[in-house]
Amino acid sequence: MGPSESLGLKTSSNFKAMNIKAIIAFAGLFLSTVSVYSQDTNFFIFLCLGQSNMEGFPGIEPQDKTPVTDRLKVFACVDFQNPERKKGNWYPGVPPLCRQSTGLCPADYFARTLVSNLPPHIKVGIVNVSVAGSKIELFEKDNYQSYASTAPVWMTAIIKDYDGNPYAHLVKMAKLAQKDGVIKGILLHQGESNSGDKEWPDKIKGIYDNLIKDLDLKAENVPLLAGELMSADQKGACAGMNVIIDDLPKTIPTSHIVSSKGCAGRPDHLHFTPEGYRELGKRYAETMLPLLGYKAAAAK
């Protein structure tokens, strides 16, 4: 074989290799495009985290068990037995939205109010990972272990349901949910276990920033809604914490505060009644709707 023939063979081999690389690159681009466009941009997903009030206090009234529109979905973050739900799947959005043993929470009437005010082609999905009694430190990405290691036995059982790491579990569930829709906001109700903690806003910022980064979101498109604790007019045991919560927008410009004033509370002065959860959830929705570009219907 002469030099020219040898050169021709090498050139042909190089050309084929370049073609194969181009085909692989194109296939990768095509598959990534398909993945992006498999998302339903009319499926609005909201992440929820916090402690017992965001879980929902046990006890669901008959009026809250009525079937809701099929436009409202809940993503099972753990397995349920009753109602039967398998982790990682969407189900009709009826309570409990967090875990089997939980009850009505603000996210219930947040979602119901949204679907009643959004155009009929838009669906709403809830992803709720909350832990009763927990300090916000349990959701800190890099420091949760030091808090989790001191948690009481009953809390440890809840943490175990979330694979030992509630923050990582929320991210994992959110990424699965993102395959079907678009994350439009984050709902927070927490603070009773951090009452009086002036560093709370900075801790929340750390968690929020990590969620934005780990889920490849843009803060300006994903506002954080923080609900106040039971208010002083309901003799809330931790009502003083609301002063700190109300200052959160100074630390997180994309955060918004949801007032709890007048939301009925239970005799324990910590948890809301079903009526209180309904009103608080409605207020979360009324705060979110303008951020989505919609207005809530005028009260009749």
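At a glance:
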read-out	value
3 or more residues hydrophobic (A, V, I, L, M, F, W, C) and within 26 Å of Thr287 (Cβ to Cβ): qualifying helices (runs of 4 or more DSSP H) within the range 67-183	106-117, 166-178
Boolean, Pro249 is free of Cβ contacts under 8 Å to residues at least 24 places away in the same chain, over 16 Å from Phe46 (Cα atoms) and not in a helix (DSSP H, G or I)	no
Residue list for the range 222-246, restricted to those being among the hydrophobic types (A, V, I, L, M, F, W, C), part of a loop (DSSP other than H, G, I, E, B) and under 17 Å from Arg278 (Cα atoms)	Leu229, Met230
Residues of the range 248-267 satisfying the condition of being in contact with a strand residue (DSSP E or B) (Cβ under 9 Å, 6 or more places away or on another chain) and open to solvent by 20 Å² or more (accessible area, probe 1.4 Å)	Pro249, Thr254, His256, Ile257, Ser259, Ala264, Gly265, Arg266
Candidate set: the range 186-221, residues that are among the small types (Gly, Ala, Ser) and in a loop (DSSP other than H, G, I, E, B); chosen: the one least open to solvent (accessible area, probe 1.4 Å)	Gly191
Filtered residue count, the range 88-108, keeping only those that are open to solvent by 10 Å² or more (accessible area, probe 1.4 Å) and either small (Gly, Ala, Ser) or free of Cβ contacts under 8 Å to residues at least 12 places away in the same chain (or both)	2
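The values are calculated or read from the model by the stated rules, or taken from the named source; none is laboratory data. For clarity, every value in this text was computed on a predicted model and none was experimentally measured. Neighbour counts are summed over all protein chains in view; Cβ atoms, including those assigned to glycine, are modelled from backbone coordinates with ideal geometry. The protein model used for the area step is the full one, side chains on, heavy atoms only, and it has no ligands, DNA or RNA in it. Shrake-Rupley method; radii C 1.70, N 1.55, O 1.52, S 1.80 Å.
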